[in-house]
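Here the structure is laid out as structure tokens; the discussion comes afterwards.
The values are calculated or read from the model by the stated rules, or taken from the named source; none is laboratory data. All values derive from a computational prediction rather than experimental measurement. Quick reminder, even Gly has a Cβ in these numbers, built from the backbone with ideal geometry, and neighbours come from all protein chains shown. Quick note on the areas: whole protein, heavy atoms, side chains included, nothing else; ligands and nucleic acids left out. Shrake-Rupley method; radii C 1.70, N 1.55, O 1.52, S 1.80 Å.
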Amino acid sequence: ISLGAGANTLFSTPDVKWGFGGLAIEANVGKWLTPSTGIRFGYRGIDNSFKVKSGYTTMIDNGSGDWDAMHYAHADFLWNISNALSGYKETRFWDVVPYATAGWLGFKSPYYKVLNGDNREVEDEWTVGGGILNKFRLSDRVGLYIDLSVLSTRHEVLAISPRASVNHIFAYVPAATAGITFNLGRTNWDRYSSVAPKPVVLPFTEADYKALQDKVKALEIDKKGLAEELEAAKNFKPEPGGIKTGGKK
């Protein structure tokens with residue numbers, strides 16, 4: 001579980017004019033599936049003020065006294081590149097975690113000013129993006145993080161029309177946040193080499209095996225004796241004159 005705050009921005013102009021967009025607060029809940037891969041679900045908001053300038057959008061406050069609420073509900077796939085390339089290390093202080101993100105991006109504004117002076121509702125859009133999560137270990141349970149990300153969404157989210165060219169179909173929402181992470185449940189992974197192998201259960205003991213060998217030897221001796229008796233029976237020849245008995249002729 002992580003909680004943080006930082007700054008939102010908004011960019012959709014070829015002049016690359018940057019400025020402070022508004023406060024970003026965020027909360028995330030995630031789980032590591034392996035030491036290198038994990039998933040995360042979260043929310044980011046809350047303020048992102050901007051105005052239209054020469055048909056484009058900059059991060060300049062619109063001066064109307066109103067503010068624009070930005071909401072982003074998302075799901076992320078995380079890849080711990082430190083563990084993937086250098087191996088899992090429980091006590092590593094700094095982990096670098098690139099991630100892909102997708103979700104729903106919404107702007108809500110009580111008053112939105114466009115170039116021609118018309119009022120227009122800001123639209124909601126699905127969005128995708130990516131970022132780099134920097135994790136800093138303080139203890140088994142607690143850590144700090146710095147999250148740098150950028151979202152890409154359709155230009156209609158800004159309610160700006162017409163587009164200047166096909167190069168301006170997309171709007172971008174960079175953000176930088178920092179916060180604290182709390183680890184729940186188990187906090188480490190077992191290395192494969194440290195896992196004790198399961199004992200092998202033999203069907204019988206060594207004494208049983210020796211007794212069986214003795215029985216086999218006895219059977220072999222009996223077999224040899226029977227073979228000798230059979231061979232003697234085959235070679236038996238009766239005496240001439242027949243077989244004598246104890247009685248008279």
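For the reader, a short list of remarks on this structure follows.
- Whichever residue in segment 31-54 is farther than 30 Å from residue 88 by Cβ and small (Gly, Ala, Ser) and, among such residues, is modelled with the highest pLDDT: 45
- Residue in segment 146-161 that is loosely packed, with under 15 Cβ neighbours inside 10 Å, of a type in the set (Ser, Thr, Tyr), assigned to a loop (DSSP other than H, G, I, E, B) and at pLDDT below 85 present: yes
- Qualifying residue in segment 182-205 (condition: of a type outside the set (Phe, Trp, Tyr), under 30 Å from residue 4 (Cα atoms), surrounded by 10 or more Cβ atoms within 10 Å (Cβ to Cβ) and modelled with pLDDT of 85 or more): yes
- Looking only at segment 100-113, and only at residues there that are open to solvent by 20 Å² or more (accessible area, probe 1.4 Å) and out of contact with any Ser or Thr (no Cβ under 8 Å at 6 or more places or on another chain), the one that is modelled with the lowest pLDDT: 110
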